[in-house]
Amino acid sequence: MKTKYLMVLVLAGFLAGCSGSGPLKDSRAIVNQYNRYLEEKPKALDRIIATYVDDEQAQELRAEALRYIIRSRDPLSYRLIQSQLKKPQTMEYWALEIIADETAQLNDPKWGTLMMNAYSALMDLRINLEKKILGSIFANTDLQSLPRFLDLYQKSYDHFLQLDDAFAKSLGKYDDDGIVPVLLKIINDPKRSLRTRERALQILADKNEPAFTEALIALMGDPKTDQMLREFSFNVLDLTQDEEILLALLKFLDRSKERHNHMLNSALAVLEDFSDPAIIPSLRLIATDDNFPYHLRKKAVDGLIAFESPEELMFLIQALEEPHNLIFWTDIATAVRKSGDPDLYQAMEKTALALHRDFQGGAK
């Protein structure tokens, strides 16, 4: 059965009036027809298109036809792919993959815009589907499946980092003289999304561009941008050795009390050997707040244990009364045993007994 795209082409007259029109039968015929097209016989492209849009043909043959359609760079080819990509959800996966691979070789801004539109549409579809799947997961997840769910979270986060890196590489290919003014314009544009401004600031930092320091200090010095900075999760602390920036960021974190997961992770990495008790309130907050990811909370728990303070160990024991802190039971119990403090050991036993009673009561 012919696809709707073949019908569109027929109705438009793309294939009308051509001698020997219709789908081609093998790969060699596609190559020959493409060579005829290169010999300034534009009608030869019609049969290659007919082969691709005919879903009665073998997938391998249609795929070969699609590759030559794109390589032709013909306006007709562009319009065909454009019409298909308006509804990428109706396309076969192999076709999307070939379009991506082949257009990557064209170095043509027109095709770049087309692929950005397609990516945006696919992203909307993916996010909608992911929300539905996550809704099912939330409805069916129990305590036993929690470790698997945490693994899923990490996998999703790793994917985000890969995507973020791909965007950075794409933007990083431009020379500094051309891109820096554009980045600064994005950073200072309140109409832009916070994520977009964040990415622009990150790229500026990656380039070790002096304008980065000026842009960051300017944002932090303006009360109107405090809300924006509270939403930022940019990784800055490990990108600069500038003491002024480090101190300004740490003070801002302390003032805002917001959940800068990525920034706080960098802060903890910088301060993991820091022995000043002034950091204890922040470590307590991160260790016991399940809004933070596991790896960040684990680092905070380890930081509190490292102080070797009975007070901090008692705080951690008491924190075990909350179910979301039980994932650190082994770490805390090991620290209590090593301390040799009988009061802490007794508190740990009481907590274990209370949890056991709660569990038995819940089971009944």
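Bear in mind these aren't lab numbers, they're just calculated from the coordinates by the rules spelled out. Just so it is clear, the model here is predicted, and its values are computed rather than measured. Here Cβ is always computed from backbone atoms with ideal geometry, including for glycine, and neighbour counts include all displayed protein chains.
Under the classification rounded if a/c is under 1.5, otherwise prolate if a/b is larger than b/c and oblate if not, where does region 27-137 fall, given a ≥ b ≥ c as square roots of the Cα gyration tensor eigenvalues? Cα axes put region 27-137 in the prolate bin. Let me make sure I get this right: for region 125-167, a, b and c are the square roots of the gyration tensor eigenvalues over alpha carbons, sorted descending. Under 1.5 in a/c it's rounded, otherwise prolate if a/b > b/c, else oblate. Which is it? Oblate. Placing +1 on the Cβ of every Lys and Arg and -1 on the Cβ of every Asp and Glu, with no other charges, gives region 62-188 a dipole of roughly 500 debye about its Cα centre. Measuring against 22 Å, Cα to Cα, the residue pairs Lys131/Lys298; Lys41/Lys110; Lys87/Lys132; Lys155/Lys298; Lys299/Lys338; Lys43/Lys87 contain Lys131/Lys298; Lys41/Lys110; Lys43/Lys87 as the ones spanning a longer distance. Working note: Karplus 6.51/-1.76/1.60 with θ = phi - 60° gives region 349-356 the couplings 5, 4, 5, 4, 5, 4, 5, 5 Hz, where Gly and Pro are set to x. Here the peptides 88-96, 347-355, 69-77 are ranked by packing, the mean other Cβ count within 10 Å, and the order with the highest first is 69-77, 347-355, 88-96. Model label sites at Leu152 and Glu308, defined 7 Å from Cα along the beta-carbon direction, differ in position by 4.3 nm.
Computed about the Cα centre, the dipole magnitude for region 44-115 is approximately 380 debye when only Lys and Arg (+1) and Asp and Glu (-1) carry charge, each at its Cβ. Summing charges over all other residues whose Cβ lies under 12 Å from the Cβ of Asn117, with Lys and Arg as +1 and Asp and Glu as -1, gives +2. A simple count of charges around Thr288, restricted to other residues whose Cβ falls under 10 Å of its Cβ and scoring Lys, Arg +1 and Asp, Glu -1, yields -1. Taking label positions 7 Å along the Cα-Cβ direction at both Trp329 and Lys185, the computed distance is 5.8 nm, reported to one decimal. For Ile30, neighbours were defined as the other residues whose beta-carbon sits under 12 Å from its Cβ, and their charges (Lys and Arg +1, Asp and Glu -1) total +4.
Charged side chains reduced to their Cβ positions (Lys and Arg at +1, Asp and Glu at -1) give region 289-355 a dipole of some 240 debye around its Cα centre.
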